[in-house]
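Take a look at the structure below.
The values are calculated or read from the model by the stated rules, or taken from the named source; none is laboratory data. Model, not experiment: these values are computed from the prediction. Every residue, glycine among them, receives a Cβ derived from its backbone with ideal geometry; neighbour counts consider all protein chains shown. We work out accessible area using only protein heavy atoms, side chains counted, and drop any ligands, DNA or RNA first. Shrake-Rupley method; radii C 1.70, N 1.55, O 1.52, S 1.80 Å.
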Amino acid sequence: MHHAPRALSIAATSLSLLLALPAPTAIAWAPPAPAPFLRLTGAAPGDRFGVAVSAAGDVNGDGFSDIVAGAEWSDADAPNAGRATVTFGGPLADDLPDLTLQVPIVQSRSLTGYAVAIAGDLNGDGWKDIAVGSPVSQFMGRVFLYWGGPSLDAISDRTLGGLRSLEFFGAALAGVGDANGDGFDDVWVGAPWFVAVNSTANRVGRGYLFYGGPAADGVVDVLFEARPIAGVTDELQFGTSVAPAGRCG
């Protein structure tokens, strides 16, 4: 028997489905660090190799930038005499120093290499030169200059000296370009432990400017003195660090 179809009524309802999922975890990602092109290491533990580094120019005239590094506590020549080395740049550069710079007088605890700088063309021959600080050398402190170029060798060409003992002359170095406008680059040296005669202050500090040129004689040309800060000069240590500032005025 055939029955007529029944009407089917469906009431629409709203259905909500909640799905519990774990909270997303943040994943920190960084690209892998590139492998160093060159890794330089000291000759012995405790040398403090790399305490000072300068890589601002081509000192041997081959067209590639080079690296000068200090190791102020090196015992290779005498206890804590320190030393500085030069590594030449270029596509065949390796991790062995090409030059170990020599100083005129080897003395224990000289701290040679405490500061180093590729200081510009100080003697006007067209090549960048090297400056190495030895702030306790002969108790006065010394800075040794090495003329750059294809004939660069390990023997110092000029010695700069401070005017007082134990002033830590050579603790900071910078080639400051042509500061006096004579066409030759100049070098600034810090002596942060300087104290004037009969002063009751400690480690006031001062700076020395040496003019470059073919006749550069190693005699200081300009002295920079520290000004008191709020009337205080004690422990200013002016000259602890230095950097060329370009044209300021």
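Things worth noting here:
- Each listed q (0.11, 0.13, 0.20, 0.22 Å⁻¹) maps to a log10 I(q)/I(0) for segment 105-181, found by the Debye formula over equal Cα scatterers with no solvent: -0.28, -0.38, -0.84, -0.96.
- Phe238 accessible area, 1.4 Å probe, all protein chains in place, Å² to nearest 10: 70
- Loop sites in segment 147-249: trypsin sites (Lys or Arg not before Pro), DSSP, at most 11 other Cβ within 10 Å: Arg247
- The value obtained for the chain, namely the Cα convex hull volume divided by the number of residues, is 350 Å³ per residue.
- Accessible area per residue (1.4 Å probe, heavy atoms of protein chains only) ranks Trp188, Trp127 as Trp127, Trp188, with the largest value leading.
- Most fluctuating residue given options Ala81, Ala93, Ala117, as computed from a GNM of the chain linking Cα atoms under 10 Å: Ala93
- Kirkwood analysis of segment 116-158, using all unique Cα-Cα pairs, places the hydrodynamic radius at 10.7 Å.
- Principal axes of segment 197-249: Cα extent on each, largest first, Å: 40, 29, 17
- Length-normalised contact order of segment 189-249 in % [C-alpha pairs under 8 Å, at least 6 apart]: 39
- Square roots of five times the Cα gyration tensor eigenvalues for segment 137-186, Å: 22, 17, 8
- With each label modelled as a point 7 angstrom along the Cα→C-beta vector, the Asn180-Gln138 pair spans 2.2 nm.
- For segment 104-153, the solvent-accessible area of protein heavy atoms averages 35 Å² per residue (probe radius 1.4 Å; ligands and nucleic acids excluded).
- On a per residue basis, segment 35-95 carries 51 Å² of accessible surface, using protein heavy atoms and a 1.4 Å probe.
- Computed over segment 160-234, the Cα gyration tensor eigenvalues convert (square root of 5λ each) into semi-axes of 26, 13, 9 Å, ordered from largest to smallest.
- Restricting the calculation to alpha carbons of segment 109-249 gives Rg and Dmax of 15.0, 51 angstrom.
- Using the Cβ-Cβ distance between Val222 and Ala28 with R0 = 45 Å, the FRET efficiency computed as 1/(1 + (r/R0)^6) comes to roughly 0.30.
- Take every pair of alpha-carbon atoms less than 8 Å apart whose residues are at least six positions apart; their mean separation over the length of the chain yields a relative contact order of 12 percent.
- Cα pair distances exceeding 18 angstrom across segment 47-101, given as percent: 31
- Quotient of the Cα radius of gyration of segment 53-172 and 2.2 N^0.38 Å, N being its number of residues: 1.01.
- For the chain, the carbon plus sulfur part of the accessible surface works out to 58%, probe radius 1.4 Å.
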